[in-house]
Amino acid sequence: MIHVLTPAQMRAADAQACAAVGADTLMHAAGGSIAAYVRGFAPAGRIVAFAGPGNNGGDAFAALAQLDPRYERIIYSARPRDAAAGIDVRPLPETFDEARKALDGATLALDGLFGIGSRLPLEPRYEGCVRALDRDLVPVLAIDIPSGIDAETGGVPGPCVRASATLAIAALKSGMLLEPAREACGELWLAPIGVDDATLAAHGGTFAAIDDGEFLALLPQRAASADKRSAGSPLVIAGSEQFPGAAVLCARGAARAGAGYVTIATPQTAAPALRAHLVEQVVVTVGEGPIAEVAADLLDVATHNGAVAIGPGLALDARTGEIVRAVVERCALPMVLDASALFHIGKHLDLLRGKPVVLTPHAGEFARLSGLGTIAPGERVPRLREFVERTGVTTLLKGPDTLIYDGAVMHVNGSGTSALATAGSGDVLTGIIATLLAQGLAPVDAARTGAYWHGLAGQWCARERPRGVIAGDVPEALGATLRSRSSPSSGLRRVFV
């Protein structure tokens, strides 16, 4: 697993680790990890570091000390420090032009200005250096966290470093997983430096992020004796004459996530389109009789299923809403509600209390669902926390920094990609989660596993097709993402790209 700590939690964990092994030992280990990244980036060249007055500056000095003479090592420091032989130490530039000139010819620049304890916005005298450390001007590795971002909230209250990559030291910080700071981090790597798991676990627990190992451990494995029903049999209540494609995408997401038997219940007017596009999945029609009778029929179909997905492409009329609410009220199976189902259930959230349910709104849907309007910048975490604690319903809030909360731990998904910013990708996610629920995962585990897998598939699609990824590509990539995922021998772990 990946530990995610707030700045206060990290300071407490760091203090405990320093007492146990010594601050110099930890700084040397951090420097070794940074040096390992540098060697992986380029076998030689000019490495220029900007070092602030605190521990991040110390880490920069420790890193350059562990690089051999193949590298030209120049460090601009905010205060005088002793340096290893071969390192050229100079005063920190005072203006943008001076900082830009200092970085000319750099193979890689290190941002060692400020870490998790900095006061924001940064003092004006550092603004020139921060603006010069821009990945569009020179490749930049941020040490622990890009200078100028809020390590807890992800806020950017003033100028910040825009890094090519960030090497988080010991643990991830919650803010680096959240927008807009997440974008400023570039590729995110994690460097274990000897702070043991027990210490990090003892001080963390507010946030969490899944990694490849935990994802594969959570992913249900099909038993050798499985039949098509026991392999996973979600019921998808979705589609309309206007939006049949949403149901198709949801069904394909469910099937490619490993379901052995997918059933789609859809209005008669949508059924021909679904049957034209779905060969392996079973399409049944929603009747036109009284509401109670239609709901009873759907619940009867559901007796053969392990979970229910409701919403993608459903109509927004009052009758459909009554059917959705009648099914939700009487259904005891795990459910995932998305899209139109969120519209129909928004003022009836009491129907969900105590049920094994996942809601999957995007920001616009959440604004209506929560009853508190548009989410202000930096408010995603507290708004989601308030909503789940008020309603008792596990909720996945979509976005580049997708959040999953069940009232205990705030899970931040690290696999998101802009390739998924395409119509219908959320319908695929709903299908994936429905299958994982049908295969026995708890709602929060189905949501965080599904979000991570969905993101990995999006990344895969983006590599195969750098432009023009569509939602229909994503289900087809789910299996490919399960191939071996190697880690560099240096011990560094890449969290996201």
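For region 128-184, rounded, prolate or oblate, judged on the Cα gyration tensor with a ≥ b ≥ c (square roots of eigenvalues), a/c < 1.5 rounded, else prolate if a/b > b/c? Intermediate results must be reported in sequence, preceding the final value.
On the way: a/c = 2.01, a/b = 1.34, b/c = 1.50.
It is oblate, given that a/c is not under 1.5 and a/b is not larger than b/c.
In the chain, if the dipole is taken from +1 on Lys/Arg beta carbons and -1 on Asp/Glu beta carbons about the Cα centre, which of ALA363, ALA292, PHE387 is farthest to the positive end?
ALA363
Measuring from a point 7 Å past the Cα of GLU123 along Cα-to-C-beta, which residues in region 150-168 have an amide N at less than 20 Å?
150-151, 157-161
Return the sequence-ordered ³J(HN,Hα) values of region 91-97 in whole Hz as given by the Karplus equation 6.51 cos²θ - 1.76 cosθ + 1.60 applied to θ = phi - 60°, using x for Gly and Pro.
x, 5, x, 9, 10, 4, 4
Using Cα pairs closer than 8 Å and at least 6 residues apart in sequence, work out the relative contact order for region 2-204, in percent.
Normalised by residue count, the contact order of region 2-204 is 24 percent.
I need the per residue convex hull volume for region 190-264, using only the alpha carbons, in cubic angstrom as a whole number.
Details: hull volume 12.6 nm³, N = 75.
Per-residue hull volume (Cα only) is 168 Å³.
Of all DSSP beta bridges located in the chain, what percent are antiparallel, nearest 5? Present the calculation step by step, with values, prior to reporting the outcome.
Details: 12 of 65 bridges.
Roughly 20 percent of the beta bridges in the chain run antiparallel, per DSSP.
I need the peptides 287-298, 177-188 ranked by packing, meaning the mean over residues of other C-beta atoms within 10 angstrom, with the highest value on top.
On the way: 287-298: 15.2, 177-188: 21.5.
Descending mean neighbour count gives 177-188, 287-298.
All other residues with a Cβ under 10 Å from the Cβ of ARG131 taken together, and with Lys, Arg as +1 and Asp, Glu as -1, what is their net charge? Please report the intermediate quantities before stating the final value.
Details: positive: ARG100, ARG162; negative: GLU127, ASP134.
Net of charged neighbours comes to 0.
Just to be sure I understand, if you calculate Cα Rg over 2.2 N^0.38 Å for this structure, which of (i) 1.08; (ii) 1.31; (iii) 0.98 do you get?
Only one option fits the structure, namely (i).
Would you mind calculating the relative contact order of region 216-482 from Cα pairs under 8 angstrom and at least 6 residues apart, reporting the percent as a whole number?
It comes to 21 percent, rounded to a whole number.
Output the peptides 308-319, 141-152 sorted from most to least packed, where packing is the average of other Cβ atoms within 10 Å over each peptide's residues.
Numbers: 308-319: 22.7, 141-152: 28.5.
So the peptides 308-319, 141-152, ranked by packing, come out 141-152, 308-319.
Considering only the other residues whose Cβ falls under 11 Å of the Cβ of LEU420, what net charge follows from Lys and Arg at +1 and Asp and Glu at -1? Display every interim value, and only then the final one.
Numbers: positive: LYS398; negative: ASP473.
Every neighbour counted, the sum reads 0.
Across 5 Å bins from the origin, how do the percents of Cα pairs in region 357-408 run, short distances first?
Result returned by the calculation: 5, 23, 40, 27, 6, 0.
How far, in nm, would the chain grow between ALA15 and ALA44 when pulled straight, counting 0.36 nm per residue and subtracting the alpha carbon separation?
Values: separation 29, 0.36 × 29 = 10.44 nm, distance 3.50 nm.
Gain on extension, ALA15 to ALA44, equals 6.9 nm.
For region 32-39, just list the computed ³J(HN,Hα) in residue order, Karplus coefficients 6.51, -1.76 and 1.60, θ = phi - 60°, integers in Hz, with x standing in for Gly and Pro.
x, 5, 5, 4, 5, 5, 4, 4
Where does the Debye-calculated log10 I(q)/I(0) of region 2-204 sit at q = 0.08, 0.16, 0.18 Å⁻¹, using only Cα point scatterers of equal weight, no solvent?
-0.23, -0.97, -1.24
Report, in cubic angstrom per residue, the convex hull volume of the C-alpha atoms of region 435-479.
Working: hull volume 2.9 nm³, N = 45.
Enclosed volume per residue, from the Cα hull, is 65 Å³.
On a C-alpha basis, how far is the centre of region 1-76 from the centre of region 350-399 in Å? Whole number, if you could?
39 Å
Among all lysine pairs in the chain that are eight or more places apart or on different chains, how many have alpha carbons less than 27 angstrom apart?
Numbers: LYS173/LYS398; LYS228/LYS355; LYS347/LYS355; LYS347/LYS398; LYS355/LYS398.
So the count of such lysine pairs works out to 5.
So how far, in whole Å, is the C-alpha centre of region 83-161 from the one of region 245-291?
After rounding, the separation between the Cα centres reads 53 Å.
Relative contact order (percent) for the chain, with alpha-carbon contacts under 8 angstrom and 6 or more residues of separation?
Numbers: 1118 pairs, mean separation 68.3, N = 497.
Relative contact order of the chain: 14 percent.
Per 5 Å bin, what percent of the C-alpha pairs of region 216-482 does each bin hold, from zero upward?
1, 7, 14, 19, 21, 18, 13, 6, 2, 0, 0
Which net charge results when you count Lys and Arg as +1 and Asp and Glu as -1 among the other residues whose beta-carbon is under 12 Å from that of LEU219? It would help to have the intermediate numbers written out before the result.
On the way: positive: ARG222, ARG448; negative: ASP212, GLU214, ASP445.
Net charge around LEU219: -1.
Output ³J(HN,Hα) for region 6-20: one whole-Hz value per residue in order, computed from phi by the Karplus curve 6.51 cos²θ - 1.76 cosθ + 1.60 with θ = phi - 60°, and x for Gly and Pro.
3J(HN,Hα) across region 6-20, in whole Hz: 6, x, 4, 5, 5, 4, 5, 5, 5, 4, 5, 5, 4, 5, 7.
Any idea what the dipole of the chain comes to, in debye rounded to 20, about its Cα centre with Lys/Arg Cβ at +1 and Asp/Glu Cβ at -1? Walk me through the numbers before you get to the answer.
Numbers: 43 positive and 50 negative charges, 84 e Å.
So the dipole magnitude of the chain works out to roughly 400 debye.
Bear in mind these aren't lab numbers, they're just calculated from the coordinates by the rules spelled out. Given the structure is predicted, the values throughout are model-derived calculations rather than measurements. All Cβ positions, even for glycine, are placed from backbone atoms using ideal geometry, and neighbour counts span all protein chains on display.
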